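Okay, so here's the structure we're looking at.
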Amino acid sequence: MEMVLNIKSLFELVTIFVVISFVLIVLECLHSFYKKDNIHRLGGTISNTLNGIFIKTVLAIFVSGSFGYLVSLYLSLGYGSNPIKITVASFVLCLLIVDFSYYIYHIFHHRIKYLWLIHSVHHGDDKFNTSTAYRLSWFEKLYNITILIPAIIVGFDPRLAGLCFAIM
């Protein structure tokens, strides 16, 4: 089965996944308050979520965040109107490569002292829940595009790699 994606449909897919992730945070938070299990602190959850919204919109699109940067690069090179054709198998393989690259990236951030200084913001929350995924250093977001390098080197279209990273 082959899918054809263009820049507009890629942005639509990313937007859907971002909205779904924020809806899941709200549902988890409501469930936590109903159960009174103290997984969420309202202030921390709101702060993490607002940080995530800010990073996903402003940094990811305008500064240099992973997907927005790739789209800007492609548009500047004149490739923005060219749709990419992918199969389900190529999408899954690219997703696995990007996910493994992120795993290695994350390990480095735990084991290398200077990277840990940047990454430790993510682990600074005393309540771990879904919103903690959005508790990130803005500086780390500026260079996490490096996660896509292995998928691009192997030969995947950078837009597909960016989509996989955005979904992850």
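What the table below lists for this structure:
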{"quantity": "Criterion: surrounded by 14 or more Cβ atoms within 10 Å (Cβ to Cβ) and not in a helix (DSSP H, G or I) - qualifying residue of Val98, Val121", "calculated": "Val121"}
{"quantity": "Test: residue in region 104-115 that is part of a loop (DSSP other than H, G, I, E, B) and at pLDDT below 90", "calculated": "no"}
{"quantity": "Hits in region 109-118 (condition: open to solvent by 50 Å² or more (accessible area, probe 1.4 Å) and closer than 19 Å to Tyr134 by Cα)", "calculated": "His110, Trp116, Leu117"}
{"quantity": "Pairs with Cβ under 6 Å, 6+ apart, first in region 108-124 and of a type in the set (Phe, Trp, Tyr), second surrounded by 12 or more Cβ atoms within 10 Å (Cβ to Cβ)", "calculated": "Phe108/Leu115"}
{"quantity": "Any hit, region 135-151, residues being in a helix (DSSP H, G or I), modelled with pLDDT of 85 or more and open to solvent by 60 Å² or more (accessible area, probe 1.4 Å)", "calculated": "yes"}
{"quantity": "Condition met for Ile118 (modelled with pLDDT of 90 or more and out of contact with any helix residue (DSSP H, G or I) (no Cβ under 8 Å at 6 or more places or on another chain))", "calculated": "no"}
{"quantity": "Scope region 22-53; condition free of Cβ contacts under 8 Å to residues at least 40 places away in the same chain and open to solvent by less than 60 Å² (accessible area, probe 1.4 Å); matching residues", "calculated": "Phe22, Gly43"}
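The values are calculated or read from the model by the stated rules, or taken from the named source; none is laboratory data. Note that the coordinates shown come from a computational prediction; the quantities given were computed from them, not determined experimentally. Methodologically, a virtual Cβ is constructed for each residue, glycine included, from the backbone with ideal geometry; neighbour enumeration extends over all protein chains shown. Note: areas computed on protein heavy atoms with side chains; ligands, DNA, RNA excluded. Shrake-Rupley method; radii C 1.70, N 1.55, O 1.52, S 1.80 Å.
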